[in-house]
Amino acid sequence: MSIISLIIKREFFAKVRNKSFIVMTFLSPLLFVGIAVFVGYLSSMEADVKRVAIHDETGLFVNEFIAQNTEDNAYKYFDFSQIDNQFLKDSITNNGYEGVLVIPKTTDVTELESKIEFISNASPSISFIENAQDIIAKKLTKINLENAHLDTLAIKKAQASVNINIAKTSGEQGLKGLNEAKIAIGGAFGYLIMMFIIIYGNMVMRSVIEEKTNRIVEIIISSVKPFQLMIGKIIGTSLAGILQFTIWVIIGLSLLFAASVFFGVNVGPAASLPPTIMENTPTEFAGTAQLFIKELWNLPIASILIGFVVYFIGGYFLYSSFYAAIGAAVDNQTDSQQFLLPVIMPLMLSVYVGFFSVVNDPNSTIAVTFSMIPLTSPIVMLMRIPFGWSSIMANSRFNCVIVWNILISGLVCR
């Protein structure tokens, strides 16, 4: 048996037999699924209704606010226009009101644009202020139109609502929100690579520091070459990580399925549909959801999976060598913290570039450039793949993008 295989075997069994490795292998999926179920439960809970007093001396706006008192509104408005304003200010806290919206009486309604106040003990939310401003602005606009002797009903009928349909050159119906789904898929795979690199790269670094601190490395180096030791550590740790990750996937999917049965957590295809699809009527939703799933199946799934394996291996080997170098340069794990930021920053930059650049144009100069840089190519290029090679070729300013983009990106990654 070769020396490298012996080192790989030793590193693998040293990791998988560790008590903390065994505990976290089975505890981590429970924590992730538990948090997901808890977040889903919290999101399903109704928020506390906040009561707001309206003191409208003009009498023009109070009914507009009262009309907002629906079941799904987080704010309930109450008419206290006949009560003294000073008394309302003194009783905000005692009566449990969020605040008082004071609309003074003026000779000219245009003065109300800058004279309305909201009095409260705590700062109101931005959404509440924007909603109140929108209600008042619409009413003032209507009053201004009436004062100008314009037909408000005719103006309302003249307002147009445009819905642009998306179609392909082949004649098939297109779908809105598909680019967001593609970047979500690519981002999920890219995030997995980043998480794997950080978790198991740290394992490699700790292993090097431990052997260096215990003086074991001096004995090992007398029998093997430094390169063989580094490769063996990286591969052995990666195999242990792959085993742990596989167990996480199996347990996590099983727990999510159980949660969907017992707690009603939606883990089916509809959970990933864009909000615009979910807002459709039942008939429209069924057709759009079917089209959305069809479009997802038309994605280059084989290219995504192969790209994930290639960039995962290349990115992990690249960054693990950095972690091993950090472990060899320091004497304890505390000293290594100052060297980790330069290693983690390119990974974080890759995620931000992918989400803010690739989603708008997978063939932009920024996206192409960062998919060629070794430190960022594993994540950025993986986010470009779901958009499909035919789409990239049609829109790219470069020729033979399939060949040289992938080859250069893969080579520099490795």
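Can you report the number of residues in the range 37-52 which are hydrophobic (A, V, I, L, M, F, W, C), open to solvent by less than 50 Å² (accessible area, probe 1.4 Å) and under 23 Å from the mean Cα position of the chain (by Cα)? Show your work before the answer.
First, the residues of the range 37-52 that are hydrophobic (A, V, I, L, M, F, W, C): 37-39, 42, 45, 47, 49, 52.
This time we only want the ones that are open to solvent by less than 50 Å² (accessible area, probe 1.4 Å), so: 37, 52.
So of that shortlist, the ones also under 23 Å from the mean Cα position of the chain (by Cα) come out as 37.
Summing the residues that are hydrophobic (A, V, I, L, M, F, W, C), open to solvent by less than 50 Å² (accessible area, probe 1.4 Å) and under 23 Å from the mean Cα position of the chain (by Cα) in the range 37-52 gives 1.
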In the range 138-157, anything assigned to a helix (DSSP H, G or I), without any contact (Cβ under 8 Å) to a residue 24 or more places away in the chain and open to solvent by less than 90 Å² (accessible area, probe 1.4 Å) is listed as THR141, LEU145, THR152, ALA154, ILE155
Which numbered condition trips up GLN133, out of (1) surrounded by 14 or more Cβ atoms within 10 Å (Cβ to Cβ); (2) under 27 Å from ASN85 (Cα atoms)? (1)
Would you check if there is a residue in the range 58-71 being aliphatic (A, V, I, L, M), touching a strand residue (DSSP E or B) at 6+ places or on another chain (Cβ under 6 Å), open to solvent by 40 Å² or more (accessible area, probe 1.4 Å) and at pLDDT 75 or above? yes
Give all pairs with beta carbons closer than 7 Å in which a residue from the range 63-82 that is of a type in the set (A, V, I, L, M, F, W, C) meets a residue that is open to solvent by 60 Å² or more (accessible area, probe 1.4 Å); count only pairs at least 6 apart in sequence or on separate chains. ILE66/ASP79; ALA74/ALA47; ALA74/VAL49; ALA74/LYS50; PHE78/ARG51
So which residues in the range 336-347 are farther than 12 Å from MET205 by Cα and without any contact (Cβ under 8 Å) to a residue 12 or more places away in the chain, if there are any at all? GLN338, LEU341, PRO342, MET345
Considering (1) out of contact with any Pro (no Cβ under 8 Å at 6 or more places or on another chain); (2) modelled with pLDDT under 80; (3) open to solvent by 50 Å² or more (accessible area, probe 1.4 Å), say which one GLU211 fails and leave the rest. (3)
What are the residues in the range 104-129 that are assigned to a helix (DSSP H, G or I) and loosely packed, with under 10 Cβ neighbours inside 10 Å, if any? ILE126
Given the conditions (1) surrounded by 13 or more Cβ atoms within 10 Å (Cβ to Cβ); (2) touching a helix residue (DSSP H, G or I) at 6+ places or on another chain (Cβ under 9 Å); (3) among the charged types (D, E, K, R), and given that LYS76 satisfies all but one, which numbered condition is not satisfied? (2)
Filter the range 1-50 for residues that are within 30 Å of ALA74 (Cβ to Cβ) and not in a helix (DSSP H, G or I) and give the result. MET45, GLU46, ALA47, ASP48, VAL49, LYS50
Residue pairs meeting the criteria (Cβ under 7 Å; at least 6 apart or on separate chains; first in contact (Cβ under 8 Å) with a residue 12 or more places away in the chain and part of a helix (DSSP H, G or I), in the range 305-326; second surrounded by 19 or more Cβ atoms within 10 Å (Cβ to Cβ) and among the charged types (D, E, K, R)): ALA324/LYS233
The correct count of residues that are modelled with pLDDT under 80, among the aliphatic types (A, V, I, L, M) and open to solvent by 10 Å² or more (accessible area, probe 1.4 Å) in the range 359-414 is 10
Go through THR334, THR283, THR288, THR276 for me and flag whichever is open to solvent by 20 Å² or more (accessible area, probe 1.4 Å), at pLDDT 70 or above and among the hydroxyl-bearing types (Ser, Thr, Tyr). THR334
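The values are calculated or read from the model by the stated rules, or taken from the named source; none is laboratory data. Every value quoted in this text rests on a predicted model; they were computed, and no experiment measured them. Here Cβ is always computed from backbone atoms with ideal geometry, including for glycine, and neighbour counts include all displayed protein chains. Only protein heavy atoms, including side chains, enter the accessible area calculation; ligands, DNA and RNA are left aside. Shrake-Rupley method; radii C 1.70, N 1.55, O 1.52, S 1.80 Å.
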